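One structure below.
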Amino acid sequence: MSEYIWKKSNYKGGRMGVILEAGYQMTSDRPTDESIKITEKIYFKPMLLPYPKSEWLKDEEIKYFCAGLQLMSQSLSEEVQEGFYLVIGMRSIFFSECDIQIEDFTGSAILWASETFNIPIPDVDVYSDSWKSEFLL
């Protein structure tokens, strides 16, 4: 099993930014711990440091971050050799709770994956639900 390779990313979207540090490792062992399955070959593992070194993420925020990884999964899967798994871990994240839009977590995952693996950002259709004041992917 390889060590994690860590990379910081600074996403600026919506009204506020997200600063995060996430890493990845390639492993021949399928993750069996608290990892979240993105695809057959890609897993996400929350590894957040305690406050004040990181904010804590709610389940819904993790779900939206994983949605960003899912949107990048085709390109990410091309980075994984046969017989291996890609495990992405996040160890720190910072954002302003009063100004964050939930979709910023999706955008921050897309940007991190693009910068880390030097892969293009896909076109993403986004719709505004003005009744609920939210964006839909």
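The candidate values were (i) 17.3; (ii) 15.3; (iii) 26.2; the one computed from these coordinates for Kirkwood radius over Cα pairs in Å carries the label (ii). Between Val124 and Thr39, the modelled labels are 1.6 nm apart [label points 7 Å from Cα along Cα→Cβ]. Ranking Gly68, Ile119, Pro50 by Cα position along the charge dipole of the chain, where only Lys, Arg, Asp and Glu carry charges on their C-beta atoms, puts Pro50 farthest toward the positive end.
In nm, what is the difference between 0.36 nm times the number of residues separating Arg30 and Trp6 and their Cα-Cα distance? Can you show the working numbers first?
Values: separation 24, 0.36 × 24 = 8.64 nm, distance 2.03 nm.
Between Arg30 and Trp6, full extension yields an extra 6.6 nm.
Restricting attention to the range 22-71, the count of lysine pairs at 8 or more positions apart or across chains with alpha carbons under 20 Å apart stands at 7. Under 20 Å from a label point set 7 Å out along the Cα-to-Cβ vector of Gln81, the amide N atoms of the range 37-55 belong to 40-43. Amide H to amide H, with H built 1.01 Å from N, Gly13 comes under 5 Å of Val18, counting only residues 5 or more places away or on other chains.
Every number in this text was worked out from the coordinates using simple rules, so none of it is lab data. What you are looking at is a predicted structure, and each value in this text was computed from that prediction instead of being measured. Using ideal geometry, Cβ is built from the backbone for each residue, glycine included, and neighbour counts are taken over all protein chains shown.
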